[in-house]
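Novice: Got a structure here, written out as structure tokens. Questions coming.
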Number of protein chains: 2
Amino acid sequence: MVVSLAEIRRTSGEVFVEGCPTRVVLDHIMSKWGVLVLLALTDGTLRWGELRREVQGISEKMLASTLRTLEADGLVVRTSYPEVPPRVEYALTDLGRELMERMLPLVEWVAVHAEEIVPAGA
Amino acid sequence: MVVSLAEIRRTSGEVFVEGCPTRVVLDHIMSKWGVLVLLALTDGTLRWGELRREVQGISEKMLASTLRTLEADGLVVRTSYPEVPPRVEYALTDLGRELMERMLPLVEWVAVHAEEIVPAGA
DNA sequence: TGGGTAGCTTACCTGAAAGTGGGTACCCTC
DNA sequence: GAGGGTACCCACTTTCAGGTAAGCTACCCA
């Protein structure tokens, strides 16, 4: 599939206009923690504690707010089991999985080329 | 090409470790203005003024610093012609074009689904 | 009685990102 | 000689993403 910028413009109007939905969604999923949380969930369903450990360096506050944003966007589902101790599971929705199908090749490319891109040491 | 998270882990070590090159590069290219500048340059070579107009809402300061970051990463080339008035052109490098090949499908998908993702009004 | 666990929320605060407004240099046109 | 265009840079200010730390629920264990 060859995608051109012109095509994007045609389908979605203006990507370059401030405050358009495309920019908002991009801000959510391309945010520092958004990518990493989505990435972690690509593996499969994870619990709160597992996510914390998986996404190294994220604070509880940021994990909570990132998850809430992605849930509101319909990319992630939260399932809570009223047990003791409480158990809550997070997983990608169909939409989220569709998204990650497009995101993974990008992340993989970045992972492969990261060392040659980042000036040594920085 | 099916890419799994496990594969990414294998090729690049830990995406989830703080301060690793992959996270740094992701921060550059997935930043608010980084994506939009790269996107604008996908069309072809652009001059400073054209970029400003294309990427609606970017300030001169942010445009300058975004371009400097992307140039340092080897994703964008700056060519200046010592004319009067000065003329400077920005374009993607081969690396940048490779990157955008992976980024465009993602952005296109987001553009198509943005309206259904963002809760009406937000 | 007290500690432990899981999954959060709230309040507070800081530091980096981003916006604002000015300045520079050079030449051209009016 | 006033004003405008191009491509910036710098200092100042504001905003907000993000970090820190505490508290809370509700049960179990000892």
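Novice: From the residues in segment B:71-85 that are more than 9 Å from every other protein chain (Cβ to nearest Cβ) and in contact with a helix residue (DSSP H, G or I) (Cβ under 9 Å, 6 or more places away or on another chain), which one is nearest to DNA strand D (Cβ to nearest atom)? Outline the logic, then answer.
Specialist: If we filter segment B:71-85 for residues that are more than 9 Å from every other protein chain (Cβ to nearest Cβ), which is where we start, we get B:71, B:76-85.
Cutting the leftovers down to in contact with a helix residue (DSSP H, G or I) (Cβ under 9 Å, 6 or more places away or on another chain) gives us B:76-78.
Working: B:VAL76: 11, B:VAL77: 12, B:ARG78: 7 Å.
Per the criteria, the residue is B:ARG78.
Novice: May I pose another question? Is segment A:103-115 home to any residue that is touching a helix residue (DSSP H, G or I) at 6+ places or on another chain (Cβ under 6 Å), within 14 Å of chain B (Cβ to nearest Cβ) and assigned to a loop (DSSP other than H, G, I, E, B)?
Specialist: Checking segment A:103-115: not a single residue is touching a helix residue (DSSP H, G or I) at 6+ places or on another chain (Cβ under 6 Å), within 14 Å of chain B (Cβ to nearest Cβ) and assigned to a loop (DSSP other than H, G, I, E, B).
Novice: On to the next question. Given A:GLU89, A:GLU98, A:GLU50, which one is acidic (Asp, Glu), more than 12 Å from DNA strand D (Cβ to nearest atom) and within 27 Å of B:GLU108 (Cβ to Cβ)?
Specialist: On the way: A:GLU89 fails: within 27 Å of B:GLU108 (Cβ to Cβ); A:GLU50 fails: within 27 Å of B:GLU108 (Cβ to Cβ).
Sole residue among the options that is acidic (Asp, Glu), more than 12 Å from DNA strand D (Cβ to nearest atom) and within 27 Å of B:GLU108 (Cβ to Cβ): A:GLU98.
Novice: Right, another one. What are the residues in segment A:77-91 that are surrounded by fewer than 21 Cβ atoms within 10 Å (Cβ to Cβ) and not charged (D, E, K, R), if any?
Specialist: Those that are surrounded by fewer than 21 Cβ atoms within 10 Å (Cβ to Cβ) and not charged (D, E, K, R): A:VAL77, A:THR79, A:SER80, A:TYR81, A:PRO82, A:VAL84, A:PRO85, A:PRO86, A:VAL88, A:ALA91.
Novice: Of all residues in segment B:63-76 being within 15 Å of DNA strand C (Cβ to nearest atom) and crowded, with 16+ Cβ neighbours inside 10 Å, which is farthest from B:TRP33 (Cα to Cα)?
Specialist: So the first thing to find is which residues in segment B:63-76 are within 15 Å of DNA strand C (Cβ to nearest atom), and the list is B:63-70, B:72-73.
With the extra rule that they be crowded, with 16+ Cβ neighbours inside 10 Å, the set shrinks to B:63, B:66-67, B:69-70, B:73.
Values: B:LEU63: 8, B:THR66: 7, B:LEU67: 10, B:THR69: 11, B:LEU70: 11, B:ASP73: 15 Å.
Looking at residues that are within 15 Å of DNA strand C (Cβ to nearest atom) and crowded, with 16+ Cβ neighbours inside 10 Å, I get B:ASP73.
Novice: Criterion first (open to solvent by 30 Å² or more (accessible area, probe 1.4 Å) and under 28 Å from A:ALA111 (Cα atoms)) does B:VAL112 satisfy it?
Specialist: On the way: open to solvent by 30 Å² or more (accessible area, probe 1.4 Å): yes; under 28 Å from A:ALA111 (Cα atoms): yes.
The answer is yes for B:VAL112.
Novice: Counting only residues that are farther than 25 Å from A:GLU101 by Cβ and β-branched (Val, Ile, Thr), how many does segment A:43-90 have?
Specialist: 2
Novice: Given the conditions (1) away from DNA strand C (no atom under 16 Å from the Cβ); (2) more than 18 Å from A:TRP33 (Cα to Cα); (3) surrounded by 13 or more Cβ atoms within 10 Å (Cβ to Cβ), which single one is not true for A:MET103?
Specialist: The failed condition is (2).
Novice: Okay, next question. Which residue pairs have Cβ atoms closer than 6 Å, lie 6 or more positions apart in sequence or on different chains, and pair a first residue in segment B:18-32 that is at the interface with chain A (Cβ under 7 Å from one of its Cβ atoms) with a second residue that is open to solvent by 40 Å² or more (accessible area, probe 1.4 Å) and within 11 Å of DNA strand D (Cβ to nearest atom)?
Specialist: Here the result reads B:GLU18/A:GLN56; B:GLU18/A:GLY57, each pair linking segment B:18-32 to a residue that is open to solvent by 40 Å² or more (accessible area, probe 1.4 Å) and within 11 Å of DNA strand D (Cβ to nearest atom).
Novice: Taking the criterion of being hydroxyl-bearing (Ser, Thr, Tyr), part of a helix (DSSP H, G or I) and within 12 Å of DNA strand D (Cβ to nearest atom), would at least one residue in segment B:58-65 satisfy it?
Specialist: Taking segment B:58-65 and keeping what is hydroxyl-bearing (Ser, Thr, Tyr), we get B:59, B:65.
Then drop every residue that is not part of a helix (DSSP H, G or I), which leaves B:65.
After this cut, where a residue has to be within 12 Å of DNA strand D (Cβ to nearest atom) as well, the list is B:65.
Yes, segment B:58-65 has at least one match.
The values are calculated or read from the model by the stated rules, or taken from the named source; none is laboratory data. The model shown is predicted, which means the values in this text are computed figures rather than measured ones. Backbone-built Cβ (ideal geometry, glycine too); neighbour counts: all protein chains shown. Accessible surface is based on the protein model in full, side chains and every heavy atom, while ligands, DNA and RNA are left aside. Shrake-Rupley method; radii C 1.70, N 1.55, O 1.52, S 1.80 Å.
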